[in-house]
Each structure stands twice: as structure tokens, then as C-alpha cells.
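The structure appears below as C-alpha cells.
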Amino acid sequence: MSEADELMPNTPLLAIHMVTYNHEKYIAQAIESAVAQQTDFNFKLFIADDKSTDNTSRICLEYQQRYPHLIHYHLNSSNLGGTRNSRNNLNKCFASGAAYTAILEGDDYWTDSRKLQKQVDFLQANPDFSTCFHPVKIVYEESGEEKITNENQAETTSFEDIALNNYIHTVSCVYRNNPFQFPEWFIKIQAGDYVLHLLNAQYGKIGFINEVMAVYRVHKGGVWSSQNLAELYVKWIPIIKECRRHFYPKGEEQFTKQLAKCHQQLCFAYFEANRYKDFRQNFASCIPLVRHIKGRAFFALTIRYLLSNAPVLADLYKKTLTSSKPMLDDST
């Protein structure tokens with residue numbers, strides 16, 4: 001940011017929301033990528049540290065001292081949990097008077113120094129849009145694998161699209177600050193970013209800029225990446241149910257389709273993990289949603305249901321399959 005920017009009024013045009021917990025390996029790169037942003041407007045970085053037990057706090061304090069005009073750092077006196085910490089910090093971003101909020105978690109980083117400028121320019125030129133995002137590079141730390149998200153992504157999407165499938169990585173987002181209140185149940189869930197997408201999408205369209213401008217890390221310390229497939233779906237299903245109830249009737253059909261897909265995929269995951277009792281219980285949840293499940297997928301589930309009562313036959317059946325991946329990829 002230029003010296004001229006520092007002389008501008010204290011109210012930022014954009015607030016950067018950053019939550020962190022035990023990110024000592026990553027937090028410096030995240031902060032550096034934020035303060036390196038080149039803009040023609042004021043911005044401020046709000047960091048909420050959820051009582052880290054490693055060197056994260058020391059690193060954040062050093063950066064706050066180096067950039068006192070850019071960084072507001074808060075260390076919680078006790079561990080609040082990711083979603084409560086995120087809500088509190090987002091409310092600080094809103095209270096700053098900023099017109100826009102960008103999201104950058106402490107283990108991710110931005111790769112384009114003009115990212116914020118490009119996204120704010122887009123939102124200012126398109127007042128009927130509430131959100132702007134872009135593809136990101138996902139880096140899997142253990143394997144070293146990398147991939148780019150949002151292939152063939154539509155340039156404009158809506159609330160109904162995001163209700164059907166969460167295709168937005170939060171590290172890519174800039175939101176217009178809209179006058180919503182967080183629902184009471186927000187602090188009880190893990191996927192606060194998805195709910196945030198939905199809350200903002202109530203107020204306008206979602207825009208896509210087809211430029212990779214950030215890196216999202218997948219590592220053992222990540223909230224979602226550290227869980228196996230079945231655990232992910234078990235935690236995701238009640239979130240979709242809560243969203244469907246909260247936003248009703250908006251997006252009801254799309255939430256129901258996503259719910260059907262989650263139950264379908266959870267069945268496949270349970271079967272592959274030899275958790276046949278859990279499979280049968282979850283299969284019963286698929287029955288009321290059967291109109292949202294493709295015939296091929298439901299036939300495969302039914303075969304597995306019959307075999308789940310005879311584990312020896314189920315194991316033999318799995319050995320005859322070269323891979324379960326085609327079935328796991330069936331969409332609803």
C-alpha cells in the first residue's frame with residue numbers, strides 16, 4: 001500500500017478476515033500475502049487467534065508491530081472453537097465499516113498481489129452481485145499433489161447453485177457486506193464458510209473471475225482434511241438439513257438433492273469400510289430421497305444392501321470390482 005493510502009481516512013473499504021489456530025508453519029506466508037496486496041483503497045487485516053499453543057501468537061504479534069496501520073490482532077483468552085471464533089471476527093470486520101470482506105485463513109495464502117483490487121473492481125462494476133470468487137490451487141502436503149479447482153465453472157451462479165453444491169473455496173472470496181444476522185446454530189457447525197456463502201448469496205448473484213490467485217493447503221491439521229470420507233458426510237448431512245430448514249422455501253429442492261447425494265455417498269463409504277450395520281441404517285435414509293438418486297446408483301446401493309447382510313459375500317463382491325470409484329462418482 002502506498003504512503004498516500006496511509007493518509008486516507010481510517011475506515012477501510014475492505015476488511016480481511018483471518019482466523020488461525022496452531023498455524024506456526026503457515027501464518028507468516030498468509031499474512032505476507034495479505035499485506036502485499038496492491039490496491040487503490042484502504043484495507044485492514046483482522047486476525048483472530050483461537051488461543052494457539054504453538055508460536056502462532058508470537059508471529060502474529062511481530063507482524064502487528066511491523067504493520068500497526070494494517071493489522072488488528074486478537075488473541076482469545078480461551079479456545080472458542082473454529083466457528084465461534086470465525087463469527088466473532090467476521091462481526092469485527094463488519095463493524096469496521098468496510099464495504100467488502102475477503103477471507104484468508106491462516107494456513108492458506110494469496111498468490112496475486114492484485115487479487116483484492118480485481119475483485120473489488122468487479123463488485124463495484126456489478127452492484128447486483130454479492131460475491132466474487134476465483135479458482136485456487138489445492139496443494140496436498142503429504143503427497144505433493146496439486147490441482148486447480150473450478151474447471152468449466154460458469155461465470156455467473158446463484159443461491160440455488162450453491163445450495164446444490166459447495167463449489168467455492170473460501171480463500172477465493174470477496175463478499176459485499178450485506179445486512180444479515182448469523183443464525184443461532186451457526187456456532188455449532190464446522191462448515192461456517194459454506195453457510196457464509198449462502199447468507200451472502202441471498203443478496204445477489206455470484207461472480208467468477210477465471211484467474212488462479214490463491215493456494216488452499218490440505219494437511220493433517222486441517223479441520224476437514226484430517227477426517228475420513230464417512231466422517232465428512234456424517235458431519236455434512238446435518239449442516240445441509242439445517243440450511244434447508246433455515247432458508248426454506250428458498251433452495252429447498254437444491255438442498256434436498258444435495259442431501260440425497262450425501263446419503264448416497266455415505267452408503268458407498270460405509271460399504272467400502274465394512275461398516276455394514278451403518279450402511280443399512282443410512283440406506284433407510286435414502287429411501288425417501290430416491291427420486292433424487294440416479295437409477296444406476298440406487299441399483300448399486302440395493303445390491304450392496306442385500307450383500308451387507310452376508311459380510312463374506314460382500315467381501316467377495318468387492319474383490320470382483322476393479323474399483324468402486326465409478327459408483328462413488330455417480331451424481332444425483
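Can you name every residue in region 41-71 that is in a strand (DSSP E or B) and closer than 21 Å to residue 113 by Cβ?
Those that are in a strand (DSSP E or B) and closer than 21 Å to residue 113 by Cβ: 43, 44, 45, 46, 47, 71.
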First in region 60-80 and free of Cβ contacts under 8 Å to residues at least 60 places away in the same chain and of a type in the set (S, T, N, Q), second anywhere and in a strand (DSSP E or B) and open to solvent by less than 70 Å² (accessible area, probe 1.4 Å), Cβ under 6 Å, 6 or more apart: 64/71; 64/73
Lone unmet requirement of (1) without any contact (Cβ under 8 Å) to a residue 24 or more places away in the chain; (2) surrounded by fewer than 16 Cβ atoms within 10 Å (Cβ to Cβ); (3) not hydroxyl-bearing (Ser, Thr, Tyr) for residue 199: (2)
Failed condition for residue 124, given (1) free of Cβ contacts under 8 Å to residues at least 60 places away in the same chain; (2) under 16 Å from the mean Cα position of the chain (by Cα); (3) open to solvent by 40 Å² or more (accessible area, probe 1.4 Å): (2)
Counted residues, region 158-190 - those being buried (at least 22 other Cβ atoms within 10 Å of the Cβ) and either small (Gly, Ala, Ser) or part of a loop (DSSP other than H, G, I, E, B) (or both): 4
Selection count, region 56-74, where residues are surrounded by 15 or more Cβ atoms within 10 Å (Cβ to Cβ) and closer than 14 Å to residue 24 by Cβ: 6
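Please specify each residue of region 137-157 satisfying the condition of being open to solvent by less than 80 Å² (accessible area, probe 1.4 Å) and touching a Pro at 6+ places or on another chain (Cβ under 6 Å). Even if it seems obvious, please write down each step before you answer.
First, pick out the residues of region 137-157 that are open to solvent by less than 80 Å² (accessible area, probe 1.4 Å): 137-141, 144, 149-150, 153-154, 156-157.
If the condition is that a residue be open to solvent by less than 80 Å² (accessible area, probe 1.4 Å) and touching a Pro at 6+ places or on another chain (Cβ under 6 Å), then 149, 150 are the ones that fit.
The values are calculated or read from the model by the stated rules, or taken from the named source; none is laboratory data. It should be emphasised that the depicted structure is a prediction, and the values quoted were computed from it without experimental measurement. Glycine also receives a Cβ, built like all others from the backbone with ideal geometry; neighbour counts cover every protein chain displayed. Just so you know, the surface numbers come from the protein's heavy atoms only, side chains and all, with ligands and any DNA or RNA stripped out. Shrake-Rupley method; radii C 1.70, N 1.55, O 1.52, S 1.80 Å.
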